[in-house]
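My questions will all concern the structure given below.
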Amino acid sequence: IMLGILFAVLTLAAAALGCGVPAYPPAVSRVVGGEDARPYSWPWQVSPSGTVFQCMDFPTPLRVEESLLHTEWPLGSLRAYDHRYDIALIKLTEHVALSDKIKLACLPAAQSILSSNTACYVTGWGRLQTNGALPDDLQQGLLLVVDYATCSRPSWWGSTVKTNMVCAGGDGITSSCNGDSGGPLNCQNADGSWEVHGIVSFGSSLGCNYYRKPSVFTRVSAFDIVTVAS
């Protein structure tokens, strides 16, 4: 199983000063389907190189000091069929030098729940379609949040979806895909800053962009990341 490791160099609580504001704002629109992201417009996203617990590469190689799985994962075993705790933290061995191309992501308030049809963006280097090619450039895709009551219906994801997850998409057109695991679900606040509300966890085995099978994300606000990290 690939743990949903947040593709963020550093994250801060939503109230922290200066997080979630790119120097190069993303080109957001209601475009249907994925598209190339504006360079450096999601400056908290990184691309792991090799084994994610060994190094990270973008744009400066950084060593990982330690990793922390969610405490409810049984030690010595990874339950590939259970996505309830698809989250991990990594600690770097050195501080990251922030710049206009490397910035912090904001975290949402604890236990906050996105409203149905909230417009968010999933970003990643996953396949462009089922069994399709991998992109050279970072992709972004507009997804509308699907509330838990809808997403947990039998004709959608049923009992597979838990309350510590976020569903988004399901229109049969835009979704995360293979290779996007661990990527962020970016949602914009009224003040223009961006919060990472979700971490790509899983999608349908029937293929990407499957109708009524929205992308499923680990809900960041369900975990006390700030306390654990400190």
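The values are calculated or read from the model by the stated rules, or taken from the named source; none is laboratory data. What you see is a predicted model, and the numbers here were worked out from it, not measured in a lab. Cβ placement follows ideal geometry from the backbone for every residue including glycine, while neighbour counts extend to all protein chains displayed.
Among the residues of the stretch 128-137, is there at least one that is closer than 15 Å to Leu185 by Cβ, surrounded by 14 or more Cβ atoms within 10 Å (Cβ to Cβ) and in contact (Cβ under 8 Å) with a residue 60 or more places away in the chain?
no
Restricting the stretch 29-42 to residues that are out of contact with any Asp or Glu (no Cβ under 8 Å at 6 or more places or on another chain) and surrounded by 15 or more Cβ atoms within 10 Å (Cβ to Cβ), which is modelled with the lowest pLDDT?
It comes out as Gly34.
Between Val226, Val200, Val122, Val196, which is part of a helix (DSSP H, G or I) and either under 21 Å from Ser47 (Cβ atoms) or at pLDDT below 95 (or both)?
Going through Val226, Val200, Val122, Val196 in turn, the sole match is Val226.
Moving on to the next point. Determine, yes or no, whether Arg219 is in contact (Cβ under 8 Å) with a residue 40 or more places away in the chain, of a type outside the set (Gly, Ala, Ser), surrounded by 14 or more Cβ atoms within 10 Å (Cβ to Cβ) and at positive phi.
no
So, one more: Among (1) within 24 Å of Leu104 (Cα to Cα); (2) in contact (Cβ under 8 Å) with a residue 24 or more places away in the chain, there is one condition Ala190 misses while meeting the rest; what is its number?
(2)
Looking only at residues in the stretch 125-143 that are of a type in the set (S, T, N, Q) and outside any loop (DSSP other than H, G, I, E, B), which one is nearest to Ala222 (Cα to Cα)?
Checked the stretch 125-143; the qualifying residue nearest to Ala222 (Cα to Cα) is Gln140.
Looking at the stretch 144-164, can you tell me whether even one residue there is under 12 Å from the mean Cα position of the chain (by Cα) and either assigned to a helix (DSSP H, G or I) or surrounded by 15 or more Cβ atoms within 10 Å (Cβ to Cβ) (or both)?
No, there is no match, as no residue in the stretch 144-164 is under 12 Å from the mean Cα position of the chain (by Cα) and either assigned to a helix (DSSP H, G or I) or surrounded by 15 or more Cβ atoms within 10 Å (Cβ to Cβ) (or both).
Go through (1) more than 20 Å from Asn209 (Cα to Cα); (2) touching a strand residue (DSSP E or B) at 6+ places or on another chain (Cβ under 7 Å); (3) assigned to a loop (DSSP other than H, G, I, E, B) and name the single condition His95 misses.
It fails just one condition, (2).
Please determine whether any residue of the stretch 117-125 is touching a residue at least 24 places away in the same chain (Cβ under 8 Å), small (Gly, Ala, Ser) and in contact with a strand residue (DSSP E or B) (Cβ under 9 Å, 6 or more places away or on another chain). First the steps, then the outcome.
Taking the stretch 117-125 and keeping what is touching a residue at least 24 places away in the same chain (Cβ under 8 Å), we get 117-125.
With small (Gly, Ala, Ser) added as a condition, the list becomes 119, 124.
Now restrict to residues that are in contact with a strand residue (DSSP E or B) (Cβ under 9 Å, 6 or more places away or on another chain): 119, 124.
Checking the stretch 117-125: at least one residue is touching a residue at least 24 places away in the same chain (Cβ under 8 Å), small (Gly, Ala, Ser) and in contact with a strand residue (DSSP E or B) (Cβ under 9 Å, 6 or more places away or on another chain).
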